[in-house]
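Read the figures in this text as sums done on the coordinates, not as results from a lab. No experiment lies behind these values; they were computed from the predicted model shown. For neighbour counting, all protein chains shown are included, and Cβ atoms are generated from backbone atoms with ideal geometry for every residue, glycine included.
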Amino acid sequence: MNIKKKMSNKSIRGVIWHDIARGFYADRFRYLIAVLMLAGVLIILGNHEFGMMDTIFFIQGGYDPVLIIKEGKIVFPFVWMLIQFLVPFMIYSYCNDDCEGVGIDFLMKCRSRRLWWNSKCLWNCLTVLSVYAIQYATAFVYGLCNGNLSMKINYELFEKISNKSVPDNAANVWIIVYMLVMPVVVSLVTALVQMTISMFTNPMIGMLAVMAWNVMSVFINNPLMIGNNSMVVRSSVYNAQRIQVWQSAAVCIVVYIVVYVVGMIGFNKKDILVRED
C-alpha cells in the first residue's frame, strides 16, 4: 500500500514538473524579448561604467516618493516601469491558454483542482524568479565588462544623473539586501494577482490591472500601492522617514495569502469546460 502511494506521489510530481516545463516552453520567445529589453536598458546607461550593484540599483532601486518637476520637465521612472512590465509580460496568458487546452488533461490525471492551482502558482513563482535571475546575470555581465563587481553603490553618481537621493547611511548593508529581495517578493505578489484576475476575466485585463497598480505607486507613496514596496529608495532602510520594512512585508504577505485563497476557491467553482466561440 505504501509503495503504491509513493508511486502515486512520484507520478503526480512528474505531471506537475511537466506542466511547469510546458509553461516555460510556451514563454521561450518572451524570455528572448526580456533579454533584449534589458540590453536596451544597459544601452541607456551609456558610459557611466557602473558596477554590478550600481546596475541593479539603476534598474530597480526606484525613485524618491515625490514626483519632481525638474527644469520644467516631469521626472517619471521610465526604467523602473519598464522592469515592472517584464514580469506581467512573462506571466501574461499561459494559465488561461492551458486551462483551455492541455491543462484539462493534466487536471484529469491529477484529479484535483487544488493541485492544478498549486501547480500554476509554482510555475508563476519560478517564472518571476527566472526574470530576476536574468536581471542579476545581466548586471553581473555589465559589471564584469566594466571591471567593477563591487558590492557598493555609488549614490553620489545617481544623485547627479537621476531622481535618487543619497541614503541616510550609505554603508548600510540592509539597503543591498532589501534591493535584492523585496522587488522579487513584490513581483511574486503582483504575478499571482495578475494570474488570478486573468483566470476570471482575460489576460489583458490581468496585465493592465497590475500595471495600473504599479503606475499609481509612482504618484502615491503608500505601502498599499504595491510598487512602493519594491523601491529601496522609498524604504526606511534607505531613509528613516519613509515606508517601514514591516509595513511592506505585511502588505505583501497578506495580499499574497488572500489572493492565493481567493484564486483557489474561484478555480474550484470555475467551469473549465466552457469554450469561447
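Quick look at the numbers
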read-out	value
Packing-based exposure ordering (other Cβ within 10 Å, fewest first) of Trp213, Trp80	Trp213, Trp80
Per-residue ³J(HN,Hα) for the range 81-89, Karplus 6.51 cos²θ - 1.76 cosθ + 1.60, θ = phi - 60°, Hz, x for Gly and Pro	5, 4, 5, 5, 6, 4, 5, x, 5
Mean Cβ neighbour count within 10 Å, used as a protection proxy, ranking 117-129, 243-255 highest first	117-129, 243-255
Around Ile175: net Lys/Arg minus Asp/Glu count, Cβ-Cβ under 15 Å	-1
Dipole of the range 186-277, positive end: most advanced residue of Met199, Gly263, Gln244 [Cβ charges, Cα centre]	Gln244
Built amide H within the under 5 Å cut-off of Asp64, gap 5+	Ser165
Assigned charges on the beta-carbon of Lys, Arg, Asp, Glu; the range 123-277 dipole about Cα centre (debye)	140 debye
Stretch gain in nm, segment Val254-Val215, where the contour uses 0.36 nm per residue and the Cα spacing is subtracted	11.9 nm
